[in-house]
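Report on the following structure.
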Amino acid sequence: MEESLISQGLSLMVFGMGFVFVFLTLLVGVTSLMSKLVTKYAPAVTPTPKKRRPSAAVSAKANNDEVVAVITAAVHQYRS
Amino acid sequence: MDKINDLWLASGIYNLQAGQFVMLVVGLLLLYLAINKKFEPLLLVPIGFGGILANIPEAGLAFSAVENAVHFAKPEVMSALASVLGITSTEPHSILEAYHTSSASVHSSTVLAAMDGGYANGMLYNFYNVSIASGAAPLIIFMGVGAMTDFGPLLANPKTLFLGAAAQFGIFATVLGAVGLTSLGIMDFSIQDAAAIGIIGGADGPTAIYVASLLSPHLLGAIAVAAYSYMALVPLIQPPIMRALTTEAERKITMVQLRQVSKLEKIIFPIVLLLLVAMLLPDAAPLLGMFCFGNLLRECGVVDRLSDTAQNALINIVTIFLGLSVGSKLSADKFLDLTTLGILVLGIIAFCIGTAMGVLMAKLLNKIEGGNAINPLIGSAGVSAVPMAARVSNKLGLEANPQNFLLMHAMGPNVAGVIGSAVAAGVMIKFVG
């Protein structure tokens, strides 16, 4: 009876630990595959904010140009 | 004068038994640890208070109607109970024994007989039935934990799942320890008890309570108290083991920044995990199913209200009832024996072995990856105990190298540990449940 309790414990340890490893190994495989597929077929949406940044810079530049033009005009008017 | 005598006979002081007094002190000690030492206060305050309520003399808050009826032992009620149970003796002990071993139909008619006698279930007994015996509370908490979990670090470095697997070795080693103690004749645990004790090493409160409620409800109080106390002690238990198993150079390893994980990956992951559980281990489906559900609520981005409820209001409500119900299991006759001491000792061994195996596995992975990629300190986070174990890894990393922030790297094995202990719980339930 007691021996069988020990052997029950041992088999629980071997099977349990084995199963945890098998399961998590499979999960590693499946997860990596999923990540690869996702990055391949649905590339991250990060490019969009990147595009926006240059556009913001451009608009800032345009703003600057406008300001320069206004100042130049004002200076011209003042000088004339 | 008679009235005063009656009052005195019904008072707590007159009826207080030594065991109840000790348990009241234990309840106060838990409150002290929670309030003054900040030991998992969210759970130990309700558990400690529940323990005090459960041990109020004569109130019988933690007992069923039948147990209360037997306690007061009015002759007419006792004979009614005995006749329902089909026994001749009206001794309290034999009635309780017949009650606990009776079939479901006899069981419920006994309860009705006790209610006819004017006795009702105690408040905590009802809480326990609704929240723990039904399995609901630990599962709802697991859903909330899922809604609070960010799988980003794990998805960025899936190999850390191995660390979460290795740390579960503590669970199974402790099962072996428990059956070993039994065969040496020191303790008396069945294989179910051993499995429920081992799960303390998973360092995951709701999982431990869930497994204990299925496999050995009579040990639930001690197991829950051990699990939550040791989770609070993570910052004290783990560092010496981590230092002993790693070299100074290994602790200085800086890990490369994790890659960005896309939203789509985070949405798909809980579904993938659920499918894997459904295909391979349906016994873990209640735990991991609720966990994945909570995580999907968080990541899908269209049900923020549900996600918010799952990780705040709902988990708080359920925690209150869970804590009080666990406290109801801290009654003197169930808690004050050698078994509890055995559970506390075995629990901490489970914890230490889990930590050590996590660190050793991380060292192995580091060797395979070329010796300078994985800091072994993150291995200890594989025992779950989110996020405390990850913070401990981070702290030790900073001690070795003030520029080395391991927190995000340690969150990977940390949440892997949650998955790992839920899988281990499923295996236990499958094999010995």
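The values are calculated or read from the model by the stated rules, or taken from the named source; none is laboratory data. A quick note: this is a predicted structure, and the numbers were derived from the prediction, not measured. Reconstructed Cβ throughout: ideal geometry from the backbone, glycine too, with neighbour counts over all protein chains shown. Surface accessibility is based on the protein's heavy atoms, side chains included, excluding ligands, DNA and RNA. Shrake-Rupley method; radii C 1.70, N 1.55, O 1.52, S 1.80 Å.
Which whole number gives the average, over all residues in B:149-159, of C-beta atoms from other chains lying within 10 Å of the residue C-beta?
Mean inter-chain Cβ contacts per residue within 10 Å come to 2.
Say a paramagnetic label sat at a point 7 Å from the Cα of B:V303, along Cα to Cβ; which residues of segment B:257-271 have their backbone N under 13 Å from it?
B:271
Just the projected area, averaged over all directions, of the convex hull on the alpha carbon atoms of segment B:284-338: how many nm²?
For segment B:284-338, the mean projected area of the Cα convex hull comes to 5.4 nm².
If you rank B:D6, B:D283 by how much accessible surface each has, with a 1.4 Å probe, what is the order from largest down?
The ordering from most to least exposed comes out as B:D6, B:D283.
Roughly how many Å is it from the Cα centre of segment B:137-195 to that of segment B:307-353, as a whole number?
15 Å
Which whole number gives the average count of other chain Cβ atoms within 10 Å of the Cβ atoms across peptide B:270-276?
Rounded to a whole number, the mean comes out at 2.
Which order do the peptides B:129-138, B:31-40, B:422-431, B:198-207 come out in when sorted by mean C-beta neighbours inside 10 angstrom, highest first?
Order by mean packing, descending: B:198-207, B:422-431, B:129-138, B:31-40.
Compute the Cα gyration tensor for segment B:113-184, then decide on rounded, prolate or oblate, letting a ≥ b ≥ c be the square roots of its eigenvalues: rounded whenever a/c is under 1.5, prolate when a/b is larger than b/c in the other cases, and oblate in all that remain.
Oblate is the answer for segment B:113-184, as a/c is 1.5 or above yet b/c matches or exceeds a/b.
Report, in deg cm²/dmol and to the nearest 500, the calculated mean residue ellipticity at 222 nm for the protein assembly as shown, where each DSSP H run with n ≥ 4 adds -39500 (n - 2.57) and the sum is divided by the residue count.
Value at 222 nm, helices only: -24000 deg cm²/dmol.
Nothing charged except the Cβ atoms of Lys and Arg (+1) and of Asp and Glu (-1): what's the magnitude of the dipole of the protein assembly as shown about its Cα centre? Round to the nearest 20 debye.
Value, rounded to 20: 2880 debye.
Using 17 Å as the cut-off for backbone N distance, which residues of segment B:385-417 belong to the label zone defined by a point 7 Å from the Cα of A:S32 along Cα→Cβ?
Under cut-off, by backbone N: B:413.
Positive end of the charge dipole of the protein assembly as shown (Lys, Arg +1 and Asp, Glu -1 on Cβ, about the Cα centre): tell me which of B:N157, B:G86, B:L42 has its Cα farthest that way.
B:N157
Specify whether the C-alpha gyration tensor of segment B:250-399 places it in the rounded, prolate or oblate class, a ≥ b ≥ c being the square roots of the eigenvalues: rounded for a/c under 1.5, otherwise prolate if a/b is larger than b/c and oblate if not.
oblate
Set Lys and Arg Cβ to +1 and Asp and Glu Cβ to -1, take the dipole of the protein assembly as shown about its Cα centre, and tell me which of B:Y14, B:A166, B:I191 lies farthest positive.
In the protein assembly as shown, that residue is B:A166.
Heavy-atom accessible area per residue, segment B:220-353, 1.4 Å probe: how many Å²?
44 Å²
Can you work out the Karplus-derived ³J(HN,Hα) for every residue in segment A:5-10? Use 6.51 cos²θ - 1.76 cosθ + 1.60 with θ = phi - 60°, whole Hz, and x for glycine or proline.
Those phi angles translate into 5, 4, 5, 4, x, 4 Hz.
Quick check: with the 1.4 Å probe, what order do B:C300, B:C292 take by accessible area, largest first?
B:C300, B:C292
Can I get the semi-axes of segment B:189-306's equivalent ellipsoid? Compute them from the C-alpha gyration tensor as square roots of 5 times the eigenvalues, in angstrom, largest first.
29, 27, 14
Calculate the length of the line joining the C-alpha centroid of segment B:93-115 to that of segment A:1-31, in whole Å.
Taking the Cα centre of segment A:1-31 as reference, the centre of segment B:93-115 is 39 Å away.
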